[in-house]
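The block underneath contains the structure these notes are about, expressed in structure tokens.
The values are calculated or read from the model by the stated rules, or taken from the named source; none is laboratory data. Computed from a prediction, not measured in an experiment: that's the story for all the values here. All Cβ positions, even for glycine, are placed from backbone atoms using ideal geometry, and neighbour counts span all protein chains on display. Heavy atoms of the whole protein, side chains included, go into the accessibility calculation; ligands, DNA and RNA do not. Shrake-Rupley method; radii C 1.70, N 1.55, O 1.52, S 1.80 Å.
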Amino acid sequence: MAVVDLEKLTLVGLNVEKDRILERLMAVGVVHLNDLDLASSEVLAQWSHLITKEDTENAVAELDTEIEQTKQALDRLAKYVGDKKAMFVPKRTVTVDEFAGMAHEQSQCRQIVYDILRLKREQQELQNEKNKILNLRATLEPWQALPVPLDFAGTKYTRVMLGMLPLSANLSRIQEDLETQVPASHLAVIASDKYQHYSMLVCHRQCQADAEAVLRKHGFAPASFGELSGTVAANIQRANEEAAALERAFQEKEALIAAYAADKTRLELYYDYLVGQREKLLALTNLAAGESVFLIDGWVPKAVSAELKRILIQDFTCIVETRDPADDEEFPVLLENSSLGASVEGITAMYGLPNCREFDPNVVMAPFFIGFFGLMLGDGGYGLIMALGALFAMKKLPLDENQKKYAKLVLYCGISTMFWGLMFGSWFGLAYFAERPLWLNPVKDTDALLTWSLLFGVVHMFVGIAMRGVNHIRRGKYIDVLWDVVAWYVLFTGFILILLPWVPALNLADPSAYTDVGKKMLLIGAVVLILTQGRASKGIIGKLLSGVGSLYDLIGFLSDVLSYSRLLALGLATSVIGSIVNEIAALGGLNSIIKILVFCVIFIIGHSINFGINALGSFVHSIRLQYIEFFGKFYQGGGKPFQPLKYKTKYVNLKD
């Protein structure tokens, strides 16, 4: 339940076996590769004229293109095999030999991908052409009542013009203007829709300009049908026939694509194989190579280093050495925790992984995070929903390791919320349970809950200070535990004893006894801190000034303690809002089926909103208490994650 011990791994192998060795390391998946920088390494710099690093940029770019094309082909096949667009899709298991065998099928799979994408492009071209024809048909449909062919422009003495008038145009006024100004003309409205009037103007050729001028004043826009000829009905019929022919061609392409559905699992394996090859190419850039040999520098968990060394030496011509990290050497961080500690690893990772030489806080933080979440949400009914949802996900859904951790966190938070729901008598805000709490009712006993919230905060921060001591002990700084842990305990405890008489709902028989002891402890702690907290500064004056300045943390301690009042505030909010939802739902009574249904709708919607908002608030504020009040007491952070070279598969799991 800590940061896993790692060993430095150095491997020298033959270039002819480089690919095979990397593939074996990827299959094992326990080696974190370091990037060998020729410029910064003193050892490699001496031999820089003999050592090179492989440039794989172009090869990686080609693989990226091929991976993207394969993904597009798989997406195109998805509907033929009933794929569900879901987060939780089980992976099938294949052997490492099957996976490696894709190297011999690469050309075939590449051709399948090419054919699928070619058919897809041809379908798109057909669809584009069909859309053009359908748009043309839509343009022609309002003109179906047109009595003349589309290409008919008039006779020897007449001129025919087609166009559109806005729906707002006054047709009577237009007709009057034409009769007055252009007597030798006639305007016929062929059809109208909610946008415009489709019109035909017939006029004497000599009056064409005058007629157009009249119509333009009313928003007339000429219609153009390009090179179309014949009647509207004939053109619509021809468009329908062409669209039907294009649809048949489209469906023929669809059938050809559907025939490749049987190759989908093969393409999935091919996709993962390509991603693996890409990872291998990227790994090559971390190696240093000479004319005949190459060098790998990395980290491996100490528990498996001996077995890995045996496998590599047995199967390849190489030299493998492992050693413990030097005292001043940084190494990547790999965490190993129990189920409880592992559930909050993601929360710690959002803040930053622990330093490779400090204590992993997850196992200590987990009870506080989960407990505070449950206290702030505080409704047992909501906790029951969370727990049941998490159990369903863990039992029925194929979750990966990270998803399982989050599911367990939801389960633990649900159990914690049910516990506090029992303590507070809070179950969906129902008054029956609120009158029968096992401990106290947050609404009626607000002062008591505030006192307990502050006490929980003191315990939380004191544990954080203890963690600072653990880190000192891990670094061999035993005497610093007295100055950086015990002295602060004395100071803060004395400060707390002085403030006890003002704590809500705490009735002390003789407060002066506590305050007298508190003053003495506060004085002793302050003197020790003034003399020791500036020990890293130069000069006596600098040491004393730093020591005096450290006492300002007493104000910070008070501020931190008060921030735990949010435990009360959020717990109270959930309870009060839940009871208000119930009151609103029951306003109309429950003496009819309709009223009962209305009650159920308001009850479900109201509690869903209350649950969602307060669960989010509890999550955020519980994280905040860990990051600021807890981690602020000891956490150094800054660790780099252990990222082993391995196959990152999307569709398959590998087994030996």
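Below is a table of values for the structure above.
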quantity: Reach of LYS538 by Cα under 25 Å, taken over lysines that are not fewer than 8 positions away in the same chain; calculated: LYS477, LYS633
quantity: Eligible aspartates and glutamates near LYS520 by straight Cα distance, threshold 18 Å, same-chain separation 8 or greater; calculated: ASP510
quantity: Carbon and sulfur %, accessible surface of segment 409-451 computed with the full protein complex present, 1.4 Å; calculated: 69
quantity: Sequence of TYR432, TYR635 from largest to smallest accessible area, 1.4 Å probe; calculated: TYR432, TYR635
quantity: Net charge contributed by nearby residues that have their C-beta within less than 13 Å of GLU629 (K/R +1, D/E -1); calculated: +1
quantity: Counted charge near VAL458, where neighbours are those whose Cβ lies closer than 14 Å (Asp, Glu -1; Lys, Arg +1); calculated: -1
quantity: Euclidean distance between Cα centres, segment 389-463 to segment 262-284, Å; calculated: 45
quantity: Carbon + sulfur, % of accessible area of segment 158-270 - ligands and nucleic acids excluded, 1.4 Å; calculated: 52
quantity: Dipole magnitude (debye, nearest 20) for segment 258-359, charges at Cβ of Lys, Arg, Asp, Glu; calculated: 440
quantity: Value at 222 nm in deg cm²/dmol, rounded to 500, when DSSP H runs of n ≥ 4 in the chain each add -39,500 (n - 2.57); calculated: -18500 deg cm²/dmol
quantity: Anisotropy class of segment 356-417 from Cα gyration tensor, a/c 1.5 cut; calculated: oblate
quantity: Within the accessible area of segment 572-656 (1.4 Å probe), percent carbon and sulfur; calculated: 70
quantity: In order through segment 343-352: 3J(HN,Hα) via Karplus (6.51 cos²θ - 1.76 cosθ + 1.60), integer Hz, x for Gly, Pro; calculated: 5, 9, 4, x, 5, 5, 4, 4, 7, x
quantity: Size of electric dipole in the chain: Cβ of Lys, Arg +1 and of Asp, Glu -1, about Cα centre, debye, nearest 20; calculated: 1360
quantity: Zero-based 10 Å bins, Cα pair distances in segment 494-540, whole percents; calculated: 27, 34, 21, 14, 5
quantity: Per residue, in Å², the accessible surface of segment 491-626 once ligands and nucleic acids are set aside, probe 1.4 Å; calculated: 56
quantity: Given charges at Cβ of Lys, Arg, Asp, Glu: the chain dipole, positive-most of LEU449, GLY341, HIS32; calculated: LEU449
quantity: Under 15 Å from the ASP115 label point (7 Å along Cα→beta-carbon), backbone N, segment 252-285; calculated: 253-267
quantity: Within straight-line cross-link reach of LYS120, aspartates and glutamates at Cα separation under 15 Å, skipping those fewer than 8 residues along the same chain; calculated: GLU68, ASP75, GLU129, GLU247, GLU252, GLU254
quantity: Per residue solvent-accessible surface (Å²) - segment 138-296, probe of 1.4 Å; calculated: 51
quantity: Length gained when the stretch ILE311-ALA233 is fully extended (0.36 nm per residue, less Cα-Cα span); calculated: 20.1 nm
quantity: CYS413 accessible area, assembled protein chains, probe 1.4 Å, Å²; calculated: 10
quantity: Value of relative contact order over the chain, rounded to a whole percent, pairs C-alpha under 8 Å and six or more apart; calculated: 22
quantity: Inter-part distance where segment 557-601 and segment 124-174 are each reduced to a Cα centre, Å; calculated: 63
quantity: Between 0 and 90°, nearest 10: helix 487-499 axis offset from the chain longest Cα axis; calculated: 80
quantity: Cα-based equivalent ellipsoid, segment 364-476: semi-axes from gyration tensor eigenvalues, Å; calculated: 28, 25, 6
quantity: Cα long-axis angle, helix 446-474 against the chain (0 to 90 degrees, to the nearest 10); calculated: 70
quantity: Degrees separating the helix 57-77 axis from the principal Cα axis of the chain, which is the longest one; calculated: 60
quantity: Furthest towards positive pole of dipole, ILE415, CYS600, GLN277, structure part the chain, Cβ charges; calculated: CYS600
quantity: Extension reserve of the LYS396-SER512 stretch, reckoned as 0.36 nm per residue once the Cα distance is removed; calculated: 35.7 nm
quantity: Most to least accessible of LEU597, LEU126 (protein chains only, probe 1.4 Å); calculated: LEU597, LEU126
quantity: Global geometry of segment 501-589, whether rounded, prolate or oblate, following the gyration tensor of its Cα atoms and the 1.5 cut on a/c; calculated: oblate
quantity: Rounded, prolate or oblate (a/c below 1.5 giving rounded, otherwise prolate when a/b exceeds b/c) for the chain by Cα gyration tensor; calculated: oblate
